[in-house]
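J.: Sharing a structure here in structure tokens format.
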Amino acid sequence: EEEAKLQNGGFLPCPPGPAGTALEEPLRSCRLRSETERRGGAAAGSPPPSGDPGDEAGSRAQAAPGVRTCRGRAEPPAPLGFTDVNLNSRNTYEVSRRRSAPEHLPHGGTAPAAPAPPQEPAERARRAGIAGAGSSFAEFFTRNFFTKRTKELKPAVQSAPGWKLFGKVPPRENLPKDSKIIQQEYEARTGRMYKPPPPSARRKNIEFEPLSTTALILEDRPANLPAKSVEEALRHRQEYDEMVAEAKKREIKEAHKRKKIMRERFKQEENIASAMVIWVNEILPNWEGMRATRRVRELWWQGLPPSVRGKVWSLAVGNELNITPELYEIFLSRAKERWKSFSETSSENDIEDAVASVADREASLELIKLDISRTFPSLYIFQKGGPYHDLLHSVLGAYTCYRPDVGYVQGMSFIAAVLILNLEEADAFIAFANLLNKPCQLAFFRVDHSMMLKYFAAFEVFFEENLPKLFLHFKSYSLTPDIYLIDWIFTLYSKSLPLDLACRVWDVFCRDGEEFLFRTGLGILRLYEDILLQMDFIHIAQFLTKLPEDITSEKLFSCIAAIQMQNSNKKWAQVFASLMKDNKEGDKNHSPALKS
């Protein structure tokens, strides 16, 4: 053992076997080289003798294929390792070979002066021999299943985002492009140069620039898809240009339409502002002397300014009943007492019986609660909890106690609501009571059938005079005016028309009286004559009950102005008076008392 130690540099030789054989040549060359330098037989940097075993080992290392040399040391050929397959992308495999033997051995041109610790050669032997067979498995599992070292050695190639069983989805390679980059690519591809207009021109035409076409960007297919053919690319280019052109035309048309609407709205606001000054400063202070003049009637036809609408309505309707605010408080307190008694004693069946009774119309107070919730539901101001709920309830309740012979009838809530929106509480009640005291409204709300038939007959006279074709179409389906006129008259068009348009109808109604209500009905029929001629009985009734919401005041009032309320040189009042006279004579001729 001592001789073996001396021959091996003071250490035990490697055991026989594959591991020992693998390290025999490099260790022997290092040992002989270190012994030669210790003896000091040669100068530093001089070549060794020709018979030196180190040269023999170096020649063998050069001759032997697959052996690596490092400063006079020869390394054995590394045993075959395992094939490492990394699934870094969906389309390709990254293949790499790893050697199971250690990749680096310690470099030593000259041996150290003092012998190394005994653990160093043992460790070398263990790494080169014992671990030669087992480290390949260890490195395979550690380097393939734990990819941290793999990423450190070689960065993984990022691919398009896709599904992955474990881990995060890799980020996209193609980041969002800037608009300038897209414009440059488009110019390079098409050869066209985009010249932006000067700032003044762009600012002038900004509302005519198409908005939706800014998102229409013609791009090529992604790199992972087959490229377009020349014919397909040309076809797509043509389709894209057509899409942009159509979008631009549509948006230019919409811009012109919006501009026209805004222009009309500004003009209307200017007219209202100028008319308000005239009404406040000239007409209202001299109401009795100027209300019948031609100038005032023309201003009235154009619509009243909202700020003076309630005042003009009150003056036009008048107060023939001489109702005072104190009288309103009296009937309101009486209505509250009746509501309290109803809530304490009456049941639902008793209420229904009382409503059916004509003797006590005040019992219809309970119907008000049911009808208020259906008054202008889209405004959400008259429903329970809204700001005008209690106010509307008070006005209707006070009127029911004031006119128990009329009571509450469905449709009154819409009239009272419009008045409340334009007048104070007491003034709204006064206008409401006097408005319903007019002959036409009183006949309808008291359900006077004979009077209602007279109004319908007078309406048909002017219907046939102005719209003969539509009149015959209605006659063919036996469509009588009561089917659509009752709802219009009961609510004064506030339920069938938009609220702002209904208020303008009310403006002229306060000027012309009941005649304008039937003239407005004929104007609506004239406006939709072409549509109504294509409908049958059911569809006509449904259409006239709920008119389209896009109806405008300009179109409607132009049709109303085209209606001539004359028949054989007879106006509305003369026609209605003749019908009343004929009815009275007919009643006398058919009276049993006259026959007896």
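The values are calculated or read from the model by the stated rules, or taken from the named source; none is laboratory data. If you're wondering where the values come from, they're calculated on a predicted model, not measured in any experiment. Neighbour counts run over all protein chains shown; Cβ positions are idealised from the backbone, glycine included. Each accessible area value is taken on the protein alone, full model and side chains, heavy atoms only, with ligands, DNA and RNA left out. Shrake-Rupley method; radii C 1.70, N 1.55, O 1.52, S 1.80 Å.
J.: Filter segment 304-341 for residues that are open to solvent by less than 60 Å² (accessible area, probe 1.4 Å) and within 18 Å of L501 (Cα to Cα) and give the result.
T.: Result: L304, P305, V308, R309, G310, V312, W313.
J.: Filter segment 253-303 down to the residues that are small (G, A, S) and over 21 Å from S553 (Cα atoms), then identify the one that is most open to solvent (accessible area, probe 1.4 Å). If you could, list the steps in order and put the result at the bottom.
T.: The first filter runs over segment 253-303 and keeps only residues small (G, A, S), leaving 255, 273-275, 289, 292, 303.
From what's left, over 21 Å from S553 (Cα atoms): 255, 289, 292.
Working: A255: 3, G289: 64, A292: 81 Å².
Among those that are small (G, A, S) and over 21 Å from S553 (Cα atoms), it is A292.
Conditions (1) surrounded by fewer than 16 Cβ atoms within 10 Å (Cβ to Cβ); (2) in contact with a Phe, Trp or Tyr (Cβ under 6 Å, 6 or more places away or on another chain); (3) modelled with pLDDT of 90 or more; (4) not assigned by the TED database to the domain that holds R519, marked per residue:
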| residue | (1), (2), (3), (4) |
| --- | --- |
| L370 | yes, no, no, yes |
| I381 | no, yes, yes, yes |
| L391 | no, no, yes, yes |
| V395 | no, yes, yes, yes |
| A398 | no, yes, yes, yes |
| Y402 | no, yes, yes, yes |
| A426 | no, yes, yes, yes |
| S450 | yes, no, yes, no |
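J.: Next question, about the same structure. Can we say D500 is assigned to a helix (DSSP H, G or I) and open to solvent by 40 Å² or more (accessible area, probe 1.4 Å)?
T.: Judged against the criteria, D500 is a match.
J.: Could you list, in sequence order, all residues of segment 520-559 that are farther than 21 Å from T480 by Cα and aliphatic (A, V, I, L, M)?
T.: The answer is I551, L556.
J.: Restricting the search to segment 531-553, which residues are part of a helix (DSSP H, G or I) and either of a type in the set (A, V, I, L, M) or under 35 Å from the mean Cα position of the chain (by Cα) (or both)? Can you show your working first?
T.: Our first condition is that a residue be part of a helix (DSSP H, G or I); within segment 531-553, this holds for 531-532, 537-545, 553.
Matches in segment 531-553: I531, L532, I538, H539, I540, A541, Q542, F543, L544, T545, S553.
J.: For segment 404-411, indicate whether the set of residues that are at pLDDT below 95, in a helix (DSSP H, G or I), surrounded by 19 or more Cβ atoms within 10 Å (Cβ to Cβ) and under 42 Å from the mean Cα position of the chain (by Cα) is non-empty.
T.: Residues of segment 404-411 that are at pLDDT below 95, as a first pass: 404-411.
Those left that are additionally in a helix (DSSP H, G or I): none.
Within segment 404-411 (the criterion being at pLDDT below 95, in a helix (DSSP H, G or I), surrounded by 19 or more Cβ atoms within 10 Å (Cβ to Cβ) and under 42 Å from the mean Cα position of the chain (by Cα)), the answer is no, since none of the residues qualifies.
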